[in-house]
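Q: Sending over a structure as structure tokens; questions will come in a sec.
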Amino acid sequence: MTDQPWRRDRPPVFPGVPAWGALTAGSPPEPFSLIPQPHVTPDWVWGGSDGSGARVCVLDSGVDQSHPRVGTVTTSVAVRTGTDGQLDIAECAGTDQAGHGTACAGIIRSVAPGVDLSSVRVLTDGKFGSGAALMAGLSWAIDQGYDVINLSLATTRPEFCATLHELADRAYFRRCILVASANNMPVLSYPWAFSSVVSVASHNESDPMAYYYNPSPPVDFYAMGVGVKVPVPGAGEMRLTGNSFAAPHMTGIIARVLAKHPYLTPFQLKTLLYLNARNVVELNRRSG
Amino acid sequence: MTEITPAGCEPRPRQNLTERQLLQSVVEVALRVFGAAASSVFLIDPETGELVFETVAGAGSSTLPGTRFPPGTGIAGLVAASGEPLLAENVAEVPQFARAMAIGTGYLPRSIMAAPLILQGECIGVMEILDHTPDPARDGMQDVELLALLAAHAALSVELLIRLDWLGGHRVPADSKATSQIALLQRIGVRLPAASEPLTTNVLRLLVTADQLLGTS
């Protein structure tokens, strides 16, 4: 048990080394030991579910609800600076200036067409970097009792780390799943690196339901993030590549699981996701 | 050209020649590495959030520098909003992008790769590559990672120049007493952006007093 992937040193993070993703196409996944649970199959976990009944929130730049690939957006709110200078949450138009949130919402809808989708705009004025807005929006979304919150964003400000950690733990205990994309820039960022969230980086295959377990954390799973067809605010589609677009695939899969098994705890959910990851299914079946 | 405000610093003077040369050199390298039609750096105007073409190599290099776009425009706006690098393909098929690109640049690319310039935890700009020639040895994700490396290099170089600016561009002299004085100022310069607001105010007050004393001596 000494050479297991999870016992390896955490990869060093320093300027010039991004890459949390994996090139799964064309290279066989690394084998590792596991406790078999062969009765837990993908069909049992999400088969027949389209996400109906699961409430999903996209914390991002807003969502353009007029795009046919997005469908109905139940609630659209934005973090704003109030008259007293404090951040508050206010209802807003279902629009998206930058297009990032609309792309994520379209992916979630394509994987889990039945989900109840809402949007919290925390990226304002087209400018990244407001960790305070991220925390205000996340805190609000956790209080609203969403089943899954998609976070295809992160803050690099270490001063927000402790508060974000508390929020991630609060979400975990309230059975609210935070799905966070790993940053593939050479910087430390949060909250994707916390163990209480489901962290996602990209693989380079083109199957939206294919995902892999990473036996060498901090990234939990690899999902489709290369050449993803996403809706563009206004009209049309574009193919985008980035970890931001891998996380919504995992969000959609999780919504399907929770819609079928609504009383799963976060630790049960992660176990089911693990057992049905493409590189684990075969090991699980063979071990059984 | 624009002014940028790194976190915790006073507004900087307009960019010096070295910074412009540095960014120009980065986009020239990127142009050749990716076999691209154009390579550019946008900086974000901290007052308005507008994206300003700072430097361009290849298509548009003579006309684009200085051109401003509203916050959230195009792929650069998407990257500035998310702080994440990405690759966008078939952009010419998206009417609103095609229109904006044609009006803004006169060049309609098939693909755009972009990565943020992160300086002290904030996105200060975006590096963009139009129509790169895909390398058969790399896939799309690896191209994006390579661009992120170049963008990180550019942002770190800008940060280094800012620190040199704080020292007035002086090189550390050979004299050991002067060397330790410069080292002291350098330590203050490095630590100041991370200090709390009241502490920053007090330290700046002391530095301004020191500056005034030296000015009258």
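Q: Pop the C-beta distance of residue A:235 and residue B:32 into the FRET formula with R0 = 22 Å and round what comes out to the nearest 0.05. It would help to have the intermediate numbers written out before the result.
A: On the way: r = 36 Å, r/R0 = 1.64.
The calculated FRET efficiency here is 0.05.
Q: While we're on this one: Measure nothing fancy, just the Cα-based angle from helix A:131-143's long axis to the longest principal axis of chain A, in degrees from 0 to 90, nearest 10.
A: 80 degrees
Q: Can you give me the pair-distance distribution of chain A, C-alpha pairs, 10 Å bins, whole percents?
A: 7, 30, 38, 20, 5, 1, 0
Q: Under a crude label model (7 Å from the Cα following the beta-carbon direction), how far is residue A:30 from residue A:216 in nanometres?
A: 0.3 nm
Q: Report the extension gain between residue A:163 and residue A:88 in nm, rounded to one decimal, defined as 0.36 nm multiplied by the number of residues separating them, less their alpha carbon distance.
A: This chain segment gains 25.3 nm when fully extended.
Q: Give me a single rounded figure for B:67-73: the average over its residues of other chain Cβ atoms within 10 Å of their Cβ.
A: The per-residue average across the peptide is 4.
Q: Also, quick follow-up: How far is helix A:100-111 tilted, in degrees, relative to the longest principal axis of the Cα atoms in chain A, given as a value from 0 to 90 rounded to the nearest 10?
A: Helix A:100-111 and the main axis of chain A meet at about 50 degrees.
Q: Now for a separate question. Considering segment A:206-288, what Rg and Dmax in Å follow from its alpha-carbon atoms?
A: 14.5, 50
Q: Among B:93, B:19, B:54, which comes first, then next, by fewest other beta-carbon atoms within 10 Å?
A: Values: B:93 14, B:19 21, B:54 26.
The most exposed by this proxy come first: B:93, B:19, B:54.
Q: To make sure I understand, if each residue's beta carbon is the centre and we count other beta carbons within 10 Å, what order do A:176, A:57, A:92 fall in, fewest to most?
A: Details: A:176 23, A:57 29, A:92 16.
If I rank by nearby Cβ atoms, fewest first, I get A:92, A:176, A:57.
Q: Mind checking the mean number of beta-carbon atoms from other chains within 10 Å of the Cβ atoms in A:88-98?
A: 2
Q: Continuing with the same structure: Would you mind counting up the charge near residue B:111? Only other residues with Cβ under 13 Å from its Cβ, with Lys and Arg at +1 and Asp and Glu at -1. Each step should come with its number before you reach the end.
A: Working: positive: A:239, B:110; negative: B:89, B:93, B:128, B:131, B:143.
Local net charge: -3.
Here, each number is a calculation from the coordinates, and none is a lab measurement. Quick caveat, the model's predicted, so the values are computed rather than measured. When we count neighbours, we look across all protein chains shown, and the Cβ atoms used for this are built from the backbone with ideal geometry, even at glycine.
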